[in-house]
Amino acid sequence: MGDVKNFLYAWCGKRKMTPAYEIRAVGNKNRQKFMCEVRVEGYNYTGMGNSTNKKDAQSNAARDFVNYLVRINELKSEEVPAIGVAPPPPSATDSSDTTTDDGGLPGNLGGPLPPHLTLQAENNSGGGGSGYVPTWDRGANLKDYYSRKEEQEVQATLESEEVDLNAGLHGNWTLENAKARLNQYFQKEKIQGEYKYTQVGPDHNRSFIAEMTIYIKQIGRRIFAREHGSNKKLAAQSCALSLVRQLYHLGVIEPYSGLTKKKEGETVEPYKVNLSQDLEHQLQNIVQELNLEIVPLPEDPSVPVALNLGKLAQFEPSQRQNPVGVVPWSPPQSNWNPWTSSNIDEGPLAYATPEQISMDLKNELMYQLEQDRDLQAVLQERELLPVKKFESEILEAISQNPVVIIRGATGCGKTTQVPQFILDDCIQNDRAAECNIVVTQVSDKPVDEACSILPRPHASIMFCTVGVLLRKLEAGIRGISHVIVDEIHERDINTDFLLVVLRDVVQAYPEVRIVLMSATIDTSMFCEYFFNCPIIEVYGRTFPVQVFLNPRDKIQNMFPCFLQANCNLICGDEYGAETRISMAQLNEKETPFELIEALLLYIETLNVPGAVLVFLPGWNLIYTMQKHLEMNPHFGSHRYQILPLHSQIPREEQRKVFDPVPSGVTKIILSTNIPCIDSHVSFRINRPFLFRQKVKLFTAHNNMTNYATVWASKTNLEQRKGRAGRVRPGFCFHLCSRARFERLETHMTPEMFRTPLHEIALSIKLLRLGGIGQFLAKAIEPPPLDAVIEAEHTLRELDALDANDELTPLGRILAKLPIEPRFGKMMIMGCIFYVGDAICTISAATCFPEPFISEGKRLGYIHRNFAGNRFSDHVAWDDARMGGEEAEIRFCEHKRLNMATLRMTWEAKVQLKEILINSGFPEECLLTQVFTNTGPDNNLDVVISLLAFGVYPNVCYHKEKRKILTTEGRNALIHKSSVNCPFSSQDMKYPSPFFVFGEKIRTRAISAKGMTLVTPLQLLLFASKKVMSDGQLVVVDDWIRLQISHEAAACITALRAAMEALVVEVTKQPGIISQLDPVNERMLNTIRQISRPSAAGINLMIGTTRWVPHNFL
């Protein structure tokens, strides 16, 4: 195989170029392989290969790049050396065939395709025709900013002194001064700016969304902002802030030059830190060993000095990437397995020709068609699906166009059958070796139908989530002939990201085939985004579905006692008087469990066999509804089987909804409103749908999270109603009035507008897609510029990006971890301290609800005891998850724990540990440990110190009872779900007033959720950004005042810089953790000592008996 490597060198040498090879070890030490990437300057493609040795990995990468040169007509196939030294003569044909067929797909191979057919306007395309142009210029404001930034090549990161921690990034424009400046701009430019308000959430937790689009004539572009707040005023201020910050970055307005007003909060009393002399001496000694410079005392106490040291170690800047990148693609190859992203170097497939592979697969299929009765039955069922009538039209469109949109009603069969059409056509036309299909749809039904072909490296279909596909993109989409993206209208952040990737891939490689599928909604925006691609309309649904907007009139005579709530609903004259009276009594803000219960009883009177699917907004309501029904003597009997269905429930639990039930038993499925798990329950016919769903709204400038229960969109409802008619006629009950239905939004807000972008930014850099801002500017609806800049700033602060804004070794690890980047860095620190397992558990727990069953009340003694004397929700969660699987049902019921949540967390932790081990971290630093939460345990002390780093800047100070002060100087409360929340009559005195917390939630009041007690030394060490000293007091982040010696505080903050320097070295070579030099070991031991509560003079035994009543022991 070495000939092809020399061939590439010779070819490049004639053109005065040199191929650049990059080799790295992948996999764990027991199954280690080597991955090689090769790049040639001037070509936007990365050749890739892997093998069990470096030489073959290089040869495979060289061959992949040579095959690319053949596809773009830079080389002729007959010039390429044959594969291997031992294969039979036909192997030369194998090489040429593999590289010249380009996947065997018909239509203009090797060059751009002709323009797409113009699509006739659709009847329901009301919202998409706002003047789109084929060039898709929506992200032009992002492009303008980044092009100007590259020309200047100057970047200044201002240290924030604002309550708004991010104001320094955005010209010091804040919530207080932005709206006035925006009004001045409107007056000067004679613009009539109007906010569009939308109310979200129920009355008791109401918030507002304000949005505005304005045209900026100076740059000839529009900018858009969409923000939320607890009232209209705050929502408008937040929206104005986003617009002003975008105007500042685009050079339209100046930075704020006035005196920034600080929000005045309650003053925090100075806290005295009792540090022992022995510890102070230990600090001074380790600082001297590390050769760290300590900031001396200020000469003038009125001019405090900053104790923070600069970075002691930095990553070497890597070579700047191209401003525009594209994921590598190649057609299916004989010796490449696309599902494992690895070369096939051994066995018959290593040397088989495409013709041989295609013939074998065709013969196998013909045999199955003749002999397999189950397969014959499946084929007969497929003939009845509406999409079957459109098979020829679909195949013809796909063969002639790189992108096709298929729009069809839910239940028409498009998800399962379109990939099967493509596969069958390729196999029967002797092109099986040229076909591999990936479908972004999680469903057990299509997997069962195609299970016999899934493991094959050729002629296979892989069903997966969008997230799984994005993780596979690091190796490119080599060997994939067709990418099918289902449910494109859902607009989650991963799908929007994938659409940008595929749009670039299509432009670079027209031979690939992209199929986008959607429910029967307006798809004109997607059509124009993909260059006016054709749309195929699939008519018909398997079985009719009757829709009832107001089921209350059906059941009011049977169950009038359930309609007692108070509500202001509009009810038209077409309804009877009794219905209008009942509707007026019903309150929209509550989840009507009794109404759902009554509706289930009404469905029972229909005497129609089948299952019932109930959509509810969120896991907590699913669990509560399940318990509500199980406690009912009627539904808790053997006549009903009640099952929860949620994307985060383990897969074995999800599969239970597909299992048949005995005769006379009705299955009731309680599900969230997500498309990927409710696709193929083949027996359901009745479907109540509560019109609300829960979404997460995040505001960056105040670090606020709001979980709003919002009304579903009409798009969502149109898709959902088809779930009831897959195999027989069904019923769909929408639990809202017709007046509410008419007021629903057509589409949900894209997730990219309401979530931080730093995780997706890491993916952009990992996949070598160019600049973060430049890539996001190409999104179908680009995010605001200020959100992009904040994401870049966050990653630079974490050392995930280097001076050239390329991934550092740390950033590459963080990009592979499906977790918040700050938590990812916390996990790496946990590995250094050999507490990686516990940190992985805590990180995984942040993705799921707390495991305690409390029915919305304050936690009882049985839950609080999980925290021991640590005053920590995180410790309590970790201890609760240590029960393992032994007698877990009995244990969970006794301790009132949610077993599904515990299982989900366990699975997520295992996944995180596997990624770290595959990245090179020793398994020994990730071993499971048992902690003592009722007595001294230094490992647990370290875990809490690292937790303070992971959740920063979420620090709070306890005042009295539930009242706390947060970093922003605002009053907040301890969340009721916390083990630290005192009972209503108590005024707790905690050993330390300082806490860190997971997130700040806005409900009726602002509250901190997921709280853990910390010491002031832990804050100095891991949870501070700005530490100032006047010689008498040390002030942390401008609001926490500590009475501690200047020298001790300076030594502790210096250790933080040394720890960050160690992280830099460890991420370059994770294996060194097991053999650190003595100085670093002593530094880690000093940090362990600082982490002890006793180091700050704190005794955790104070108040520990508060959770144990006299009769509990």
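Points worth noting:
Residue-by-condition table, conditions (1) at pLDDT below 90; (2) surrounded by fewer than 18 Cβ atoms within 10 Å (Cβ to Cβ); (3) farther than 25 Å from V273 by Cα:
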{"residue": "A948", "(1), (2), (3)": "no, no, no"}
{"residue": "N954", "(1), (2), (3)": "no, no, no"}
{"residue": "K959", "(1), (2), (3)": "no, yes, no"}
{"residue": "G969", "(1), (2), (3)": "yes, yes, no"}
{"residue": "I974", "(1), (2), (3)": "no, no, no"}
{"residue": "V979", "(1), (2), (3)": "yes, no, yes"}
{"residue": "I1006", "(1), (2), (3)": "yes, no, yes"}
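- Across segment 762-781, the number of residues qualifying as under 23 Å from E316 (Cα atoms) and assigned to a loop (DSSP other than H, G, I, E, B) comes to 4.
- Candidate set from segment 1078-1088 (those that are open to solvent by 60 Å² or more (accessible area, probe 1.4 Å) and either of a type in the set (S, T, N, Q) or touching a residue at least 40 places away in the same chain (Cβ under 8 Å) (or both)); member that is nearest to E1065 (Cα to Cα): R1082
- Matching residues in segment 341-376 - criterion: being crowded, with 17+ Cβ neighbours inside 10 Å and of a type in the set (F, W, Y): Y351
- Segment 1094-1105 residues that are in a loop (DSSP other than H, G, I, E, B), paired with ones that are crowded, with 16+ Cβ neighbours inside 10 Å and at pLDDT below 75 (beta carbon under 7 Å, 6 or more apart): none
- Flag for V273 being under 30 Å from A761 (Cβ atoms) and touching a helix residue (DSSP H, G or I) at 6+ places or on another chain (Cβ under 7 Å): no
- For F983, the conditions (1) surrounded by fewer than 19 Cβ atoms within 10 Å (Cβ to Cβ); (2) under 14 Å from F871 (Cα atoms) are fulfilled apart from (2).
- Selection from segment 11-33 of residues that are assigned to a strand (DSSP E or B) and at pLDDT 90 or above: A20, Y21, E22, I23
- Residues being in a helix (DSSP H, G or I), at pLDDT 90 or above and over 14 Å from P19 (Cα atoms) are represented in segment 40-55 by at least one member.
- Criterion applied to V447, V468 was being modelled with pLDDT under 85, under 30 Å from A352 (Cβ atoms) and open to solvent by 10 Å² or more (accessible area, probe 1.4 Å), and the one residue passing it is V447.
Here is a yes/no grid of residues against (1) more than 28 Å from K196 (Cβ to Cβ); (2) modelled with pLDDT of 90 or more; (3) crowded, with 22+ Cβ neighbours inside 10 Å:
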| residue | (1), (2), (3) |
| --- | --- |
| K765 | yes, yes, yes |
| P783 | no, yes, yes |
| A815 | yes, yes, yes |
| R822 | yes, yes, no |
| I842 | yes, yes, yes |
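- All positions within segment 472-492 that are in a helix (DSSP H, G or I), under 11 Å from L502 (Cβ atoms) and either open to solvent by 10 Å² or more (accessible area, probe 1.4 Å) or in contact with a strand residue (DSSP E or B) (Cβ under 6 Å, 6 or more places away or on another chain) (or both): I488
- Residue within segment 349-368 that is modelled with pLDDT under 90, assigned to a helix (DSSP H, G or I) and closer than 30 Å to N53 by Cα present: yes
- Taking every residue in segment 465-489 that is farther than 28 Å from T410 by Cβ and pairing it with any residue that is assigned to a strand (DSSP E or B), at least 6 positions away or on another chain, the pairs with Cβ-Cβ distances below 6 Å are R478/S330; G479/W336; G479/N436.
- The single condition among (1) over 30 Å from S51 (Cα atoms); (2) crowded, with 23+ Cβ neighbours inside 10 Å; (3) at pLDDT below 95 that R382 does not meet is (2).
- The lone exception for G998 - which of (1) open to solvent by 10 Å² or more (accessible area, probe 1.4 Å); (2) more than 30 Å from the chain's Cα centre (by Cα) it fails: (2)
- For E41, the criteria (1) of a type outside the set (K, R); (2) within 15 Å of A475 (Cα to Cα); (3) open to solvent by 60 Å² or more (accessible area, probe 1.4 Å) hold in every case but one, which is (2).
- Check on E227, touching a residue at least 60 places away in the same chain (Cβ under 8 Å) and either acidic (D, E) or open to solvent by less than 40 Å² (accessible area, probe 1.4 Å) (or both): yes
- Residue list for segment 995-1004, filter: among the β-branched types (V, I, T) and at pLDDT 85 or above: V996
- The combined condition, being of a type in the set (S, T, Y) and in contact with a strand residue (DSSP E or B) (Cβ under 8 Å, 6 or more places away or on another chain), is not fulfilled by T1086.
- Residues that are at pLDDT 80 or above and not in a helix (DSSP H, G or I) within segment 577-609 comprise L606, N607, listed in sequence order.
- For T213, the conditions (1) assigned to a strand (DSSP E or B); (2) buried (at least 17 other Cβ atoms within 10 Å of the Cβ); (3) not acidic (D, E) are fulfilled apart from (2).
- Here segment 501-524 is the region considered, the condition is being open to solvent by 10 Å² or more (accessible area, probe 1.4 Å) and polar (S, T, N, Q), and the residue that is modelled with the lowest pLDDT is T520.
- Matching residues, segment 407-430, being more than 32 Å from the chain's Cα centre (by Cα) and either at pLDDT below 95 or over 23 Å from C533 (Cβ atoms) (or both): D424, I427, Q428, N429, D430
- Residue among K33, K16, K76, K54 that alone is more than 33 Å from the chain's Cα centre (by Cα), open to solvent by 60 Å² or more (accessible area, probe 1.4 Å) and under 20 Å from T340 (Cβ atoms): K54
- Subset of segment 403-424 (residues that are open to solvent by 10 Å² or more (accessible area, probe 1.4 Å) and part of a helix (DSSP H, G or I)): K414, T415, T416, Q420, D424
- Which numbered condition L312 fails, given (1) open to solvent by 30 Å² or more (accessible area, probe 1.4 Å); (2) within 24 Å of R970 (Cα to Cα): (2)
- Residue within segment 321-340 that is open to solvent by less than 60 Å² (accessible area, probe 1.4 Å), under 30 Å from H458 (Cβ atoms) and in contact with a Phe, Trp or Tyr (Cβ under 6 Å, 6 or more places away or on another chain) present: yes
- Residue that is at pLDDT 90 or above and under 28 Å from I1001 (Cβ atoms), where the choices are G856, G830, G836: G830
The values are calculated or read from the model by the stated rules, or taken from the named source; none is laboratory data. Everything numeric in this text was worked out from a predicted model, so none of it was measured. Reconstructed Cβ throughout: ideal geometry from the backbone, glycine too, with neighbour counts over all protein chains shown. We work out accessible area using only protein heavy atoms, side chains counted, and drop any ligands, DNA or RNA first. Shrake-Rupley method; radii C 1.70, N 1.55, O 1.52, S 1.80 Å.
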